[in-house]
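The values are calculated or read from the model by the stated rules, or taken from the named source; none is laboratory data. Given the structure is predicted, the values throughout are model-derived calculations rather than measurements. Please note: Cβ atoms are built from the backbone with ideal geometry, for glycine as well, and neighbour counts cover all protein chains shown. Accessible surface areas use protein heavy atoms only, side chains included; no ligands, DNA or RNA. Shrake-Rupley method; radii C 1.70, N 1.55, O 1.52, S 1.80 Å.
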Amino acid sequence: MHYEIEQASPDVSAEPGRWHVVAVIDTEVVPTPLTFDTIDQALAYVARTPGTLRVVEVTDEGERLPVDRGTL
């Protein structure tokens, strides 16, 4: 399991609640999801980065579940 960051769509004409994975460019110039090993690392990133972001837990099987900060 790991954590990824998603950003709300900045396009107001887009479907409400539409989220996009935040990606980084690797050394081979390929966009890859920004991932974190721990929830604390992911939450720290969201806290210091402007914009509408959320943390998503990604299971080993690829299931994606938004993290509910109220239960942490």
In square angstrom, rounded to the nearest 10, how much accessible surface does HIS20 have for a 1.4 Å probe?
80 Å²
For the chain, with +1 on Lys and Arg beta carbons and -1 on Asp and Glu, the positive-most of VAL22, ILE39, THR49 along the dipole:
THR49
Considering the values [x] 11.1, 30; [y] 12.7, 38; [z] 23.3, 79, which represents Rg and Dmax of the Cα atoms in Å as calculated for the structure under consideration?
[y]
